[in-house]
Amino acid sequence: MEPYVIDPEVEKKEILRRYSGLLRAAHRSKSTQDKRRIRKAFDVSLEAHKDMRRKSGEPYIYHPIAVARICAEEIGLDTTSIVCALLHDTVEDTYITLEDIGNLFGSKERMIIDGLTKISGVFDQSSSNQAENFRKMLLTLSDDVRVILIKIADRLHNMRTLDHMKREKQLKIASETLFMYAPLAHRLGLYNIKTELEDLALKYTEPEQYQEITDRLEKTKAVRTRFINKFIVPLQKALEGEQFKFEIKGRTKSIYSIWNKMYKKKVRFEDIYDVFAIRIIIETPVEKEKADAWKVYSIVTDFYQPNPDRLRDWISIPKGTGYESLHTTVMSPTGKWVEVQIRSKRMDDIAEKGFAAHWKYKSTNEAAENNLDEWLAQIRDVLESNDDDALSFIDDFKLNLFSEEIYIFTPNGDLKTLPKGSTALDFAFRIHSQVGSQCIGAKVNHRLVPLSYELKSGDQVEIILSKKQTPKTDWLNFVVTASAKQKIKQALKEERRQIASEGKDILRRKFNSLNVSFLSVNITELERHFNLDSATELYYQIAKGRIDLKKLKGFSVENGRISFDKAVVPVKEEAPIKQISTAPGKSETLLIGDENQKMDFTLARCCNPIPGDDVFGFVTVNGEIKIHRINCPNATQLLSNYAYRVIKARWAGKEMLQFEVGVHFTGIDDVGLVHKITNIISADMNVNMKAISFESNDGIFEGQVRVLVLDTAHLNTLMDKLRNVNGVLTVERSESTENS
Ligand code: MN
């Protein structure tokens, strides 16, 4: 690098030259007032930074001018953004204060600069702090997207001028760029900037591989150009014949994406550089662009055979980022595949400049605008409710950033965008957190599916709700969106908290009756005694009946304080209680009697039954039900002498005792009928559904459900209940074992 020589006269001229370059680029700021605001920001910034230099030795003001120019030229931002870009480093690095900005320019500018200053310290720490800082940075997104757009412009210029930094600093900045800025730029639709950020970052993180790919691209350039030129000749003629105003660009893959394929997916360079893409950009009014794009498609496929699997119509349904284009892949005469992208000038503008370009075409692009708003609202949602480890949040977020999108329709035809792999439950949470929480199933294209059903693009989804439903722990296994995960975790936590507060009341009453004060020392003593980590856990176990306060023994009370007699450490009888509390939660429901009802019961001391044991119920003289093991020492005596007091009992979760059967039903299609049926099966009867399908024809529905039942009595009860539902015509046991 040549040393920088300071010459004040030359610099003065150069500063003015760069400034007028910015003005030319800011073609959207045409009014005198806009120009005056930019001039004022330039003057303030120039004065504030006048004694500062960049690492290269150049005057510092080059940097804010360049950032402002990127905002104007490459992102297409407005005057306010240009003003803020010029001032973006003043509050942090000079004597200028936020108050000054507010007084000199206005509250909007003050807010944006405040956001920019706050996030400038991002990524200064260890990896986990990076994540936390990034979270903070994204939070400012909710204030004004311009903050993040200017920040990206700032980063782009720093990446372009990274040569002058020390090696460690280069590595740090480059990896941050790959970690966050490139994905962000991508999500905001700034494709060109994203590509440049990635390429520049690679140049510093993998200098040799970067150089290798650059060289090989250079060497093969002539061959590629010749091929493309030949390929487009007939298209050009035909398009001219149809009076199209158009431009055709040949496109090569970015260095970063080639690198990614070569080094991560182990594809040979020869196999990548060989994939060609061209872009046909037509000039056409908005109302004709869709029809014209298809006309061009028709011309292209007149000459070259298209691959029907590779047709992508992002004009009818734009991507979540607002991207619109028609893509097809066709076979060239030499047998090479060529991707052809067809789009209008407006679409191309949006594809290159992303979100910002929407402003220019606002009236015609409300959908994309709404999409962005929706996306920002989702991020805000997740961020504001997030109390998890920040790193896991970043992972979810990045997953959502990169994953492809699918398009799902609501019953009334509204379109929702979800990441690929989303399930019916994700969709329910996307509609509303309450819809998600009460979701028991869904109809996808009118067919009943379980919550975990993975949706495909184009599905129409109707969510089935039940007021009795609450979020379940296993839901976390099949939702993919960060916001759904967040909401489920929150609900589970809340549920646990509520149960614990019931347990707290129970304990308080117990203490009262024992003349023990409700003091934290006493609570701690109990925690220690039962070997639990927290008071919440203690209350929770009490409410769940896993700690039986009736059996509190071996403690003494003195002045309202409780203390366990160390010599009488947990009495022997406590052991079975612990055993029960370690059993899997779901299995603890007992179904008692012929109706398999849930009734209150206690577990017999003599044999300590645990979930999974073969058991029976015994009605005591007080009318209580005690549960004994079949092989309890007392069983023979009880069963032979008091047979009339014995009732059936089975653990609900004991699946080996359950049998799968099919039930076929017909009825009159009615809103809520499917809901009623699934509700009876899953909530009222507590029966597991293995599969369910549902079809409706001219008002008559036919359904097939496969359920797990304990025995025929159980099945008959279920079928009787289903027959009693209004609108159900027939309910029959089906012998076929196939899922329909
Ligand atoms: Mn800066």
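The values are calculated or read from the model by the stated rules, or taken from the named source; none is laboratory data. The shown structure was predicted, so the numbers you read here are calculated from the model rather than taken from an experiment. Cβ coordinates were reconstructed from backbone atoms using ideal geometry, including for glycine residues, and neighbour counts include every protein chain displayed.
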(request) Check every one of the helices (runs of 4 or more DSSP H) wholly within segment 1-72 and list those with 2 or more residues that are hydrophobic (A, V, I, L, M, F, W, C) and within 16 Å of the ligand (Cβ to nearest atom). (result) 32-48, 62-69
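Looking at Val91, is it more than 11 Å from the ligand (Cβ to nearest atom), hydrophobic (A, V, I, L, M, F, W, C), in contact with a Phe, Trp or Tyr (Cβ under 7 Å, 6 or more places away or on another chain) and at pLDDT 90 or above?
Considered against the rule, which asks whether it is more than 11 Å from the ligand (Cβ to nearest atom), hydrophobic (A, V, I, L, M, F, W, C), in contact with a Phe, Trp or Tyr (Cβ under 7 Å, 6 or more places away or on another chain) and at pLDDT 90 or above, Val91 comes out as no.
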(request) Could you tell me whether segment 670-681 includes any residue that is at pLDDT below 70 and closer than 30 Å to Ala442 by Cα? (result) yes
(request) Residues being under 20 Å from Gly189 (Cβ atoms) and within 11 Å of the ligand (Cβ to nearest atom): count how many of those fall in segment 73-88. (result) 1
(request) Tell me which residues, restricted to segment 682-724, are under 16 Å from His446 (Cβ atoms), touching a strand residue (DSSP E or B) at 6+ places or on another chain (Cβ under 9 Å) and modelled with pLDDT under 75. (result) Ser696, Gly699, Ile700
(message) Out of the residues in segment 142-172 meeting the condition of being surrounded by fewer than 19 Cβ atoms within 10 Å (Cβ to Cβ) and among the basic types (Lys, Arg), tell me which one is farthest from the ligand (Cβ to nearest atom).
(response) Arg167
(message) Among the residues of segment 590-601, are any outside the structural domain of His714 (by TED's automatic domain parsing), farther than 30 Å from Ala442 by Cβ and at pLDDT 75 or above?
(response) yes
(request) For segment 404-423, state whether one or more residues are exposed (fewer than 15 other Cβ atoms within 10 Å of the Cβ), modelled with pLDDT of 85 or more and over 17 Å from the mean Cα position of the chain (by Cα). (result) no
(request) Output the qualifying pairs, or none if there are none: Cβ atoms under 7 angstrom, residues six or more apart or on different chains, first residue in segment 487-498 and within 20 Å of Ala428 (Cα to Cα) and without any contact (Cβ under 8 Å) to a residue 12 or more places away in the chain, second residue crowded, with 17+ Cβ neighbours inside 10 Å and of a type in the set (Asp, Glu). (result) none
(message) Can you tell me which residue is farthest from Ala484 (Cα to Cα) among those in segment 429-452 that are among the small types (Gly, Ala, Ser) and in contact (Cβ under 8 Å) with a residue 40 or more places away in the chain?
(response) Gly441
